Amino acid sequence: MLRIHNSLTGEKTPFAPLEPGHVRMYVCGITVYDYCHVGHARSQIVFDVVRRWLQSSGYRVTYVRNITDVDDKIIQRAAERGEPIEAVTGRFIAAMHEDFDALGIERPDAEPRATEYMPQIIDMIATLVGKGYAYVADGDVLYAVAKFAPYGRLSGKRLADLRAGARVGIGEHKRDPLDFVLWKAAKPGEPAWDSPWGRGRPGWHIECSAMSTALLGSHFDIHGGGMDLKFPHHENEIAQSCAACDSPFVHVWMHNGFLNVNDEKMSKSLGNFFTVREVLPGLRPEVLRAFVLASHYRGPVNYTGENLVHADSALSRLYLALRDVAPAPRPPRSAWSERFAAAMDDDFNTPEALAVLQQLARELNTAKAAGDAAGAAGLAAELRALGGILGLLQHDPAGWLATPSQLTAGAEHGVAALSDAEVEARIAARTAARASRQWAESDRIRDELAAAGIILEDGAGGRRWRRK
């Protein structure tokens, strides 16, 4: 039986959907103001595999992953570019789909955008105001955190501790420093919608509450996202949704761990920030999947060239076992599939599931060496089927093995080193792109240079560059 660690209770317990045979799952998606980074990739690969395993286990899954397409960062990016907000979000939504498709992340059943759910958002806010959980202050609508007694249960935070470090900022009209915004009064030049409280736009947290309950009901099975969303985003979702719907909201909360780069938090300020599209030219997408799944989803994962090499080598061993074996139907449920299922049913233990695949590959190699063609064919079919549940082994083995890996132990996260001439050419191309206001191309070249360890510097003598 499947057992899942519930972030709300801190316990791993048997899972049964609220509606027999049907799992309803919501995962927080991307705020589309920039390209997706490898941390996004980790989270989305994790929940892609959760969905795949649930389906493989016989459940019908309704999977919803939202898009945040109105947000302070989006507005700022559009203003910087002198572009309409729709142009910015449209470009980065298309790029997100390209990146996720390349990584074998299957499309969700529904992909709601916040701007498409304004009536539902406004209705939920109105309900909270009517019930006394929210109040209007100078055109904004704020959630009164003190009104919701269980606040802090998901994150383990106490209101008294939170208040100790909280302050009310200049120009804010909060009754309590912990109160958070549900509706923001319109500012000049920003997108706005009509509401009972005047023109404005929603806060981030209310968007997910409104979209998830609109599509999955007021009480659904699984809500997932990165550990960084547990507080305040998911804590605030619980407060809003439970108060508005008089319902428990979510049955099981799941959070994936952080992705670090060389044992440091990934950030642009540290120069270790990598987008998916800048690493994939030097890194086969299945390798990134294998790298992510080699660690348990709840723990941290360390993104290094060495760990990527290990993932590439482990994946190539599986493809090597499959090479020169004639296709065959998958055999009935076997000891191998039972062991794989035991790993996945133990809170989606993908490292153990990958270990089962490696053991299966060794037995397949033994059968090939012994000339047991029928046995080898059956084992290969099993290996392909189980690997497919993880989104792996989707290529022709001969083609995979004939394509040389660009990874070496000293490589910088799968991005090949650039020569001086190549660096100069890319800088010239970026300058031309900026001059012609081709911002997406300028960003792509900037990210590619950063990933290759190239630091750009502006000085009195003009733009210079150096290697990190």
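Structure data summary
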read-out: Criterion (out of contact with any strand residue (DSSP E or B) (no Cβ under 9 Å at 6 or more places or on another chain) and on the phi > 0 side of the Ramachandran plot) met by exactly one of Gly21, Gly104, Gly90; value: Gly104
read-out: Some residue of the stretch 152-168 being open to solvent by 20 Å² or more (accessible area, probe 1.4 Å), touching a residue at least 12 places away in the same chain (Cβ under 8 Å) and among the acidic types (Asp, Glu); value: no
read-out: Test: residue in the stretch 258-267 that is in contact with a strand residue (DSSP E or B) (Cβ under 7 Å, 6 or more places away or on another chain), open to solvent by less than 20 Å² (accessible area, probe 1.4 Å) and part of a helix (DSSP H, G or I); value: no
read-out: Glu286, sole failed condition from (1) within 17 Å of Leu364 (Cα to Cα); (2) of a type in the set (Asp, Glu); (3) surrounded by 22 or more Cβ atoms within 10 Å (Cβ to Cβ); value: (1)
read-out: Pairs where the first residue, in the stretch 354-371, is surrounded by 21 or more Cβ atoms within 10 Å (Cβ to Cβ) and the second is in a loop (DSSP other than H, G, I, E, B), C-beta under 7 Å, 6+ apart; value: Leu354/Ala294
read-out: Matching residues, the stretch 225-247, being modelled with pLDDT of 95 or more, open to solvent by 10 Å² or more (accessible area, probe 1.4 Å) and closer than 27 Å to Val129 by Cα; value: Leu229, Lys230, Phe231, Pro232, Ile238, Cys242, Ala244, Cys245, Asp246
read-out: Strands (runs of 3 or more DSSP E) within the stretch 10-97 that include 1 or more residues open to solvent by less than 30 Å² (accessible area, probe 1.4 Å), farther than 18 Å from Val276 by Cβ and among the aliphatic types (A, V, I, L, M); value: 22-31, 60-68
read-out: Selection count where residues are surrounded by 15 or more Cβ atoms within 10 Å (Cβ to Cβ), without any contact (Cβ under 8 Å) to a residue 24 or more places away in the chain and more than 28 Å from the chain's Cα centre (by Cα), scope the stretch 303-338; value: 0
read-out: Residues of the stretch 178-200 that turn out to be in contact (Cβ under 8 Å) with a residue 40 or more places away in the chain, over 19 Å from Gly130 (Cα atoms) and of a type in the set (D, E, K, R), as a count; value: 1
read-out: Unique residue being under 18 Å from the mean Cα position of the chain (by Cα) and of a type outside the set (Asp, Glu) when the list is Ala16, Ala95, Ala78; value: Ala95
read-out: Positions within the stretch 375-410 being more than 23 Å from Tyr303 (Cβ to Cβ), exposed (fewer than 13 other Cβ atoms within 10 Å of the Cβ) and in contact (Cβ under 8 Å) with a residue 40 or more places away in the chain, in sequence order; value: Ala398
read-out: In the stretch 268-282, residue least open to solvent (accessible area, probe 1.4 Å) [restricted to those that are among the polar types (S, T, N, Q) and in a loop (DSSP other than H, G, I, E, B)]; value: Asn272
read-out: Glu237 vs. criteria touching a strand residue (DSSP E or B) at 6+ places or on another chain (Cβ under 7 Å) and in a helix (DSSP H, G or I); value: no
read-out: Meets criteria (modelled with pLDDT of 80 or more, in contact with a Pro (Cβ under 7 Å, 6 or more places away or on another chain) and in a helix (DSSP H, G or I)) for Ala381; value: yes
read-out: Failed item, numbered, when His251 is tested on (1) assigned to a helix (DSSP H, G or I); (2) closer than 26 Å to Ala149 by Cα; (3) touching an Asp or Glu at 6+ places or on another chain (Cβ under 6 Å); value: (1)
read-out: Complete set of residues in the stretch 418-438 that are more than 16 Å from Ile454 (Cβ to Cβ) and among the charged types (D, E, K, R); value: Arg434, Arg437
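Yes/no matrix, rows are residues, columns are (1) at pLDDT below 80; (2) closer than 26 Å to Ala95 by Cβ; (3) part of a helix (DSSP H, G or I); (4) under 29 Å from the mean Cα position of the chain (by Cα):
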{"position": "Lys368", "(1), (2), (3), (4)": "no, no, yes, no"}
{"position": "Ala376", "(1), (2), (3), (4)": "no, no, yes, no"}
{"position": "Leu386", "(1), (2), (3), (4)": "no, no, yes, yes"}
{"position": "Ala398", "(1), (2), (3), (4)": "no, no, yes, no"}
{"position": "Leu407", "(1), (2), (3), (4)": "yes, yes, no, yes"}
{"position": "Val423", "(1), (2), (3), (4)": "no, yes, yes, no"}
{"position": "Ile427", "(1), (2), (3), (4)": "no, yes, yes, no"}
{"position": "Ile455", "(1), (2), (3), (4)": "yes, yes, no, yes"}
{"position": "Arg466", "(1), (2), (3), (4)": "yes, no, no, no"}
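The values are calculated or read from the model by the stated rules, or taken from the named source; none is laboratory data. This one's a predicted model, so the numbers in the text were calculated from it and none came from an experiment. Backbone-built Cβ (ideal geometry, glycine too); neighbour counts: all protein chains shown. When the accessible area is computed, the model is the full protein with side chains, heavy atoms only, and any ligands, DNA or RNA have been set aside. Shrake-Rupley method; radii C 1.70, N 1.55, O 1.52, S 1.80 Å.
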